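Trainee: This structure is in structure tokens; I'll ask about it shortly.
The values are calculated or read from the model by the stated rules, or taken from the named source; none is laboratory data. The structure displayed is predicted, hence computed values, not measured ones. FYI the Cβ positions are ideal-geometry reconstructions off the backbone, even for glycines, and counts take in every protein chain you see. Please note that ligands, DNA and RNA were not included when accessible areas were found on the heavy atoms of the full protein model with its side chains. Shrake-Rupley method; radii C 1.70, N 1.55, O 1.52, S 1.80 Å.
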Amino acid sequence: MAERQPPLHAQDKLAFLLSLVPFLMEHERISVQEAADHFGVKRQQVREAVELIAVSGIPGETGQYQHGDLFDLAWDDFEDNDQIVLTNLVAIDDAPRFSGREAAALIAGLQYLSALPENADRSAIATLMTKLSRGASALPSQVAVEGSETDATLALIRESVATGVQIEFDYLNSRGQHERRRVDPLRIESMDADWYLRGWCHLREAVRTFRLDRIGNPVITNLPISFHAADVHLPDTLFEGSDDDLSVTIDVAPAAAILLADYIPDGATSSEVDGRRRTSLRVSHYHGLKRLVGQMPGVVTVVEPADARAAVAEWAAAGAARYEDD
């Protein structure tokens, strides 16, 4: 004998109705049986809910229901074929939606997330991207996020972190020097579009931060790590200064100063000059300074020393010359 399903309580009925409308909109055409199987209810409960939806709506300016103020469905299909097809939607189309450009930006971000090793096999992201495309007020622009060269390196480092073994790699430091490093990987972090490895460097015998796009020929060793995250001090800031750092004075827009907080040393003085904040930064090399200023065009101006100004000016001039050549 088939097990009798208990009736839905009022709260459950409301939740069912609220879930049924977007479900029917998403599927466009679906049988009563398929809807019943999806929600785990009887066919008759689905039919009663659909009939209730068909007499629901929002009255127009007259305060009385007119044609088009109610949901409607293809009644012949419903009565004769047990097929549910909504033919008129009420208020749903007037709800706020993402614009095509907003949806495209969100889809691009989800594509980036799906490209990460830990998300490669997840279907939830793909489902969400499909819903964003359907729910936008206009067709989203076609976008694609290309995988970066650091993806394989990132996957390898994640594996070494998970297994607790040391990793070796060639590293190009900010001074342009190549060195072979052996590191206990402790943490992987991202800032803007860049990924960083923080770990105990056996060459320097200290915690160091490595940018993944400067890592080459990474190899996971069979040596267990000597230091764990609980054994060493990992500062909250991503970049830590050293005695070899260079001091540079800059003018920066006040609102953007917080973006440079990791580079401003503790106790650095600041003053207001022509509406901008004048302060000092610490950088390991002027090459890094060029990259930092290039990310904030028109917002940061290098004041001194003269060598720093010259390095940034020459770099900018070389970039502009490439456009002139084109």
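Trainee: Output the residue which, of all residues in the stretch 195-228 that are among the charged types (D, E, K, R) and touching a strand residue (DSSP E or B) at 6+ places or on another chain (Cβ under 6 Å), is least open to solvent (accessible area, probe 1.4 Å).
Mentor: Arg198
Trainee: Next question, about the same structure. What tally of residues in the stretch 240-259 results from selecting those that are closer than 20 Å to Asp307 by Cβ and at pLDDT below 80?
Mentor: 5
Trainee: Can you go through Gln64, Gln45, Gln33 and tell me which one is modelled with pLDDT under 85 and among the polar types (S, T, N, Q)?
Mentor: Residue meeting the stated conditions: Gln64.
Trainee: With respect to Arg97, is the statement that it is basic (Lys, Arg), modelled with pLDDT under 70 and under 19 Å from Leu18 (Cβ atoms) true?
Mentor: Yes; evaluated as a whole, the condition is true for this residue.
Trainee: Select from the stretch 263-289 the residues that are open to solvent by less than 50 Å² (accessible area, probe 1.4 Å), part of a loop (DSSP other than H, G, I, E, B) and in contact with a Leu (Cβ under 9 Å, 6 or more places away or on another chain) and list them in ascending order.
Mentor: Residues satisfying the conditions are Ile264, Pro265, Ala268, Ser284.
Trainee: In contact with an Asp or Glu (Cβ under 8 Å, 6 or more places away or on another chain) and modelled with pLDDT of 65 or more: which single residue out of Val50, Val21, Val85 fits that description?
Mentor: Checking each option against the conditions leaves just Val85.
Trainee: Identify all residues within the stretch 209-235 that are of a type in the set (A, V, I, L, M, F, W, C) and in contact (Cβ under 8 Å) with a residue 24 or more places away in the chain; write none if there are none.
Mentor: Phe210, Leu212, Ile215, Val219, Ile220, Leu223, Ile225, Phe227, Ala229, Val232, Leu234
Trainee: Residue by residue through the stretch 179-196, note down the ones that are more than 15 Å from Ser226 (Cβ to Cβ) and touching a Ser or Thr at 6+ places or on another chain (Cβ under 7 Å).
Mentor: Of everything in the stretch 179-196, those that are more than 15 Å from Ser226 (Cβ to Cβ) and touching a Ser or Thr at 6+ places or on another chain (Cβ under 7 Å) turn out to be Trp195, Tyr196.
Trainee: Quick one: in the stretch 290-316, which of the residues that are among the small types (Gly, Ala, Ser) and closer than 12 Å to Thr249 by Cβ is surrounded by the fewest Cβ atoms within 10 Å (Cβ to Cβ)?
Mentor: Ranking the candidates gives Ala306 first.
Trainee: Inspect the stretch 305-321 for any residue being at pLDDT below 80 and among the charged types (D, E, K, R) and give the result as yes or no.
Mentor: Scanning the stretch 305-321 turns up no residue that is at pLDDT below 80 and among the charged types (D, E, K, R).
Trainee: Find all pairs meeting these conditions: Cβ atoms under 6 angstrom apart; at least six residues apart or on different chains; first residue within the stretch 305-326 and closer than 15 Å to Ser247 by Cα; second residue open to solvent by less than 60 Å² (accessible area, probe 1.4 Å) and modelled with pLDDT of 85 or more.
Mentor: Taking only residues 6 or more apart or on different chains, the pairs are Ala308/Val248; Ala308/Val302; Arg309/Val302; Val312/Val302.
A quick yes/no check of all residues on (1) within 21 Å of Asn222 (Cα to Cα); (2) open to solvent by 30 Å² or more (accessible area, probe 1.4 Å); (3) at pLDDT 70 or above:
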site: Ala120; (1), (2), (3): no, yes, no
site: Ala144; (1), (2), (3): no, yes, no
site: Thr163; (1), (2), (3): yes, yes, yes
site: Gln177; (1), (2), (3): no, yes, yes
site: Arg180; (1), (2), (3): yes, yes, yes
site: Leu186; (1), (2), (3): yes, no, yes
